[in-house]
Amino acid sequence: MAKIRHDDARKIPEIPFVAPVGTPAGVEVLSLADLRRRVPTRQLALPQRPDFHHLLTLTEGTLRHTVDFADLALDPGSWLWVRPGQVQQWGDLTHAEGTLILFQQDFLDPATVTATATGRDSLRTALHRPLPEDAAALGMAADHLTAEFHALGQLPLEIHTAALRHLLSVLVLRLTHLTVPAGTPAPEPNPTYLSFRDAVETDFTRTRRVEDYAGALGYSARTLSRATLAASGLGAKEFIDRRVVLEAKRLLAHTDQTAARIADHLGFPSATHFSKYFCRRTGQTPIGFRDTVRGHAAR
């Protein structure tokens, strides 16, 4: 895990994955006590946008964790999954103990990535509360992964890495398919939706038109809307708009960029167009939203 830098108020700090020396590239397992020793609490409390996955479960205490403006409460047995690109802020870790698993997406095998819809998904629910009968299996999977990670040197490195990949796959497969996310669970995503989701994540600053995505992916706009509604509960246009608004909120809350600069970054022809779009979808002007969210943070 890389050292967090916060030296540019015009950007949300992006955190690359750095494997600890002597360990397999792409994955790390550490305790919250390890995290407290490594990173000062004041840095963890600041907004950060990692480019790798975080899986966190508690064994003792409670923890507040913010993921894209959602204030989440973790307790023993719950699981937090923060995906690459989501903006997170850690709460007070003083009285929390647990396991943190960090991994890059390409550490998993392609079949697991497909089966778990793993990837950048800014609108995905981050908090999971497993059913009682699933909690033990998830805990066992996490314990096996932790033990293998700390058994470096007992097997040839190639075999050790393969074992970690398989054990991590077991954990994310169970977490995806054998737990109930907080709130209402969505139907299983389908390939059409996943292709659209990934395309929006890549191109939402360039186009907000469903027809453009449909043409690029080889579907009709109606097919995209049906698939997106079934998988996420949102129509295709609403899905795009929520992604644009989320990025606007991130930049307004966590950077000092002007509305005009944010408008340009998000592909609007002017700050006026951006302001009308944002106000229509949130009920606030961009500057009004910034003042509100910063006022709450200062309390």
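Evaluating kT/(6 pi eta Rh) at 25 °C and 0.890 mPa s, with the Kirkwood radius of the range 14-181 over Cα pairs in the Stokes-Einstein relation, gives 152 µm² s⁻¹. Scattering from the chain was approximated by placing one identical point on each alpha carbon and applying the Debye formula without solvent; log10 I(q)/I(0) at 0.11 1/Å stands at -0.72.
The alpha-carbon of Lys11 sits under 16 angstrom from the alpha-carbons of these aspartates and glutamates, leaving out residues fewer than 8 places away in its chain: Asp51, Asp68, Glu247, Asp256, Asp264.
Rounded to the nearest 20, the size of the Cβ-charge dipole of the chain about its Cα centre is 1240 debye, with Lys and Arg at +1 and Asp and Glu at -1.
Overall shape of the range 191-298 was characterised from the C-alpha gyration tensor. The equivalent ellipsoid obtained from it has semi-axes of 28, 14, 11 Å, in decreasing order. Computed from Cα atoms, the angle from the helix 221-232 axis to the main principal axis of the chain rounds to 40 degrees. For the range 136-261, the alpha-carbon radius of gyration amounts to 1.45 times the rule-of-thumb value 2.2 N^0.38 Å expected for a compact globular protein. Using a Gaussian network model of the chain in which every pair of alpha carbons under 10 angstrom is joined by a spring, one finds that among Leu246, Leu155, Leu58 the greatest mean-square fluctuation is at Leu155. Residue by residue, the range 256-261 carries 3J(HN,Hα) couplings of 9, 5, 6, 4, 5, 5 Hz when phi is fed to the Karplus relation 6.51 cos²θ - 1.76 cosθ + 1.60 (θ = phi - 60°); x denotes Gly or Pro.
The numbers here are math on the coordinates, done by the rules we state, and not lab data. Given the structure is predicted, the values throughout are model-derived calculations rather than measurements. Because the Cβ atoms are built from the backbone with ideal geometry, glycine has one as well, and the counts that use them run over all protein chains shown.
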